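Colleague: Shown below is the structure under consideration.
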Amino acid sequence: HYREDPAFWEKWFPADFITESFPGQFRNWFYSLLAQSTALTRRPPFKNVLGFATLLAEDGREMHKSWGNSIEFNEAANTMGADVMRWLYLDHKPEQNLLFGYNKGDETRRRFLIPLWNVYSFFVTYANLDQWLPRLRREETVAEPGVDTASLLDAVASDVDANRQLDRWIVARLNETTLTVTEQLELFASDRATTALESFLDDLSNWYVRRSRRRFWASEQSADKAAAYTTLYHVLVTFTRLLAPFIPFTTEAIYQNLVRSVDPDAPESVHHTAWPEADAATLDRALLAKMRLAVTVASLGRSARSAADIKLRQPLTQARVNVGSEQERQDILDLAGVLAEEINVKEIEVVAEVGELVDYKLLPNNRLLGPKYGAGFPRVRQALLNLDAESAVAQLQETGSLTLTVGDEPITLDREEVLVQTESRGGLAVASDRGVTVAVDIELTPELVREGYARDLVRAVNTMRKEAGLEIEDRITLYYEVPAADEVAAALLDYAGYIQEETLARELVPNLPDDPLYRETVAIGDGELALALDKAE
């Protein structure tokens, strides 16, 4: 019957893909299918073969009950969660053996599932506090739930320039990710799709949401706050639809709350919605490159601080940045305020020459170049030492290789064959990567130290609020006890307004009550400070 039904063959044959996880199947099952189909139909039986390496226990051995390292499928799904298992498999390079176990599951959950839920919970918490609801689309297909495009573009016209740019960037990043994931799934490359999704979640969580926190904390209902809500809602709903084939249960829970709870006419399930679409021609690539550069500069600034053992809460005077092009220099200047906050410095300066920040020295990788050039190695080493180090490093960072002349013969060395020694100028801590160099001034003034104390106090008090079980919106009275001549006391006086704003303290009281809601002694600087708090009426 099937042979006589062309519609059946047109729809189901050849199969889009077949998959097995044992290499031996290539020689047996896959080959026999191919041979029989060729003989009977003169057509291949499948379009794609997804072949995977072997599944091993997380200790690297084969799974055996007698060894105590085997895990039954249903037991694993119930214990670590089906979505965790799915992401663990989908995120894996199929040509490599997969190490499977509960520790691997925990790593997967911490790396992706928990950050995703944290972003979702952040949005839900503040949307409920402000009783915010999306403006729903009615004129377009219900297969695409969420805010309508016109409302989104109107809303992201925030009354704060930097935040307007931030909103438009995260929407562009979402569209960029949609294109990448779609392309990779069409190639059946689930591991490359998950890499793009994890990269987007990192940008969403560690840049967009973190940079936007104060917008959600604001007490007034401004255009900027509305833009933040509308943008994050749109991003979360669309991202949930992108993730639905990967983690169907988590995304269904998020969809039901974000969409169905506010729009009963929306599709009943996230799995009934259309796949998100994006237009590559409309991507704001200049904005994407600009913010990518900002993320890189901020990361390098924090790395430089860490190398000098200076915690991020301690303000510093200046960060100096060197980049390769005029457009990048302009982008840094445009985002100077954002970068100053991210690196926690008072000022961002763009310098034209990297030599103002570091001295370079180029050395050959003896282990690689010695065997390669043999008796000619000393001449290669001398030619390398004769180069202008700054120009050579710039070429190496930009192209990944370096061309030099040995005698009359040009030779090319790759990045692994050249060792670059970096020595920072006095008073600076430096970090660099692929043509971007950031140097922070690590000299501390008494004023900077006091401001650092104030930031440490804010962190300590907010931890106390959490331990005391207070709600996000609860106001407090903050009590403290510290010697009058202490530097921490000076910080309390100098930054009282900042401390109150950041901890929601109505007042700071310089003595401790007998029976406060919560009390703790915290280490600030080289000493200790007694703090207590009560919920304010």
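Here, each number is a calculation from the coordinates, and none is a lab measurement. Small disclaimer: the values here were computed from a predicted structure and weren't measured. When we count neighbours, we look across all protein chains shown, and the Cβ atoms used for this are built from the backbone with ideal geometry, even at glycine.
Colleague: For His272, put the label point 7 Å out on the Cα→Cβ axis and report which residues of the stretch 239-262 keep their amide N under 15 Å from it.
Modeller: Only 252-253, 255-257, 259-262 pass the distance filter.
Colleague: DSSP beta bridges in the chain, what fraction antiparallel, as a percent rounded to 5?
Modeller: Counting DSSP beta bridges with both partners in the chain, the antiparallel share is about 70 percent.
Colleague: Now for a separate question. Which lysines, if any, have their Cα less than 17 Å from the Cα of Lys11, not counting same-chain residues under 8 positions apart?
Modeller: The reachable lysines, counting only those whose Cα sits under 17 Å from Lys11, are Lys47.
Colleague: Once you put a point 7 Å from the Cα of Gln318 and another 7 Å from the Cα of Val509, both along the Cβ direction, what distance in nm separates them?
Modeller: Here the modelled spin labels are 4.6 nm apart.
Colleague: In straight Cα distance, which aspartates and glutamates are under 16 Å from Lys535, not counting same-chain residues fewer than 8 positions off?
Modeller: Answer for Lys535, where 16 Å is the Cα cut-off: Glu467, Glu471, Glu473, Asp474, Glu501, Glu502, Glu507, Asp514, Asp515, Glu520, listed by chain and number.
Colleague: May I pose another question? Please work out the FRET efficiency for the pair Lys11 and Lys346, using the Cβ-Cβ distance as r and a Förster radius of 56 Å; give the result to the nearest 0.05.
Modeller: 0.25
Colleague: Compute, for the chain, the length of the dipole vector about the Cα centre, with Cβ point charges of +1 (Lys, Arg) and -1 (Asp, Glu) only. Units Debye, rounded to 20.
Modeller: My answer is approximately 1640 debye.
Colleague: Let me ask something else. For the stretch 396-434 and the stretch 224-265, write down the distance between their C-alpha centroids in whole Å.
Modeller: Each part reduced to its Cα centre gives a spacing of 46 Å.
Colleague: Here is a further query. For Glu501 and Ser306, what is the calculated FRET efficiency with R₀ set at 30 Å and r taken between the beta-carbons, to the nearest 0.05?
Modeller: Here the calculated transfer efficiency is 0.60.
Colleague: Put +1 on the Cβ of every Lys and Arg and -1 on every Asp and Glu Cβ in the stretch 295-341; which of Ala298, Ser325, Ala308 then has its Cα farthest towards the positive end of the dipole?
Modeller: Positive-end residue among those listed: Ala308.
Colleague: Net charge near Pro94, counting Lys/Arg +1 and Asp/Glu -1 over other residues with Cβ under 13 Å of its Cβ?
Modeller: Net local charge, Pro94 excluded: -2.
Colleague: Note the full-extension length gain between Ala383 and Ile114 as 0.36 nm times their separation in residues minus their Cα-Cα distance, in nm to one decimal.
Modeller: Stretched out fully, the Ala383 to Ile114 stretch lengthens by 91.6 nm.
Colleague: Using the beta-carbon distance between Leu333 and Tyr31 and R0 = 51 Å, what value does 1/(1 + (r/R0)^6) give for FRET efficiency, to the nearest 0.05?
Modeller: Efficiency at R0 = 51 Å is approximately 0.25.
Colleague: Could I ask something else about it? What share of the DSSP beta bridges in the stretch 469-537 is antiparallel, in percent to the nearest 5?
Modeller: That works out to approximately 75 percent antiparallel.
Colleague: So, in nm, how far is label Ala53 from label Thr19 when the simple model puts each one 7 Å beyond its Cα toward the Cβ?
Modeller: Reported label-point gap for Ala53 and Thr19 is 1.7 nm.
Colleague: Quick one: putting +1 on the C-beta of Lys and Arg, -1 on the C-beta of Asp and Glu, what dipole do you get for the stretch 188-312 around its Cα centre, in Debye to the nearest 20?
Modeller: Here the stretch 188-312 has a charge dipole of around 780 debye.
Colleague: Between rounded, prolate and oblate, where does the stretch 161-206 land on the alpha carbon gyration tensor, with a ≥ b ≥ c its root eigenvalues, rounded for a/c under 1.5, else prolate if a/b exceeds b/c?
Modeller: oblate
Colleague: Another question about this same structure. Return the aspartates and glutamates within reach of Lys346: Cα separation strictly under 15 angstrom, same-chain partners fewer than 8 residues apart disregarded; answer none if there are no such residues.
Modeller: Of all the aspartates and glutamates, those that pass the test against Lys346 - Cα under 15 Å, at least 8 places apart if same chain - are Asp441, Glu443, Glu447, Glu451.
Colleague: How large is the charge dipole for the stretch 35-132, taken about the Cα centre, if only the Cβ atoms of Lys, Arg (+1) and Asp, Glu (-1) carry charge, to the nearest 20 debye?
Modeller: Dipole of the stretch 35-132, to the nearest 20 debye: 540 debye.
Colleague: Between Thr521 and Asn206, how many nm apart are label points set 7 Å from Cα along the C-beta direction?
Modeller: In this crude label model, Thr521 to Asn206 measures out at 3.7 nm.
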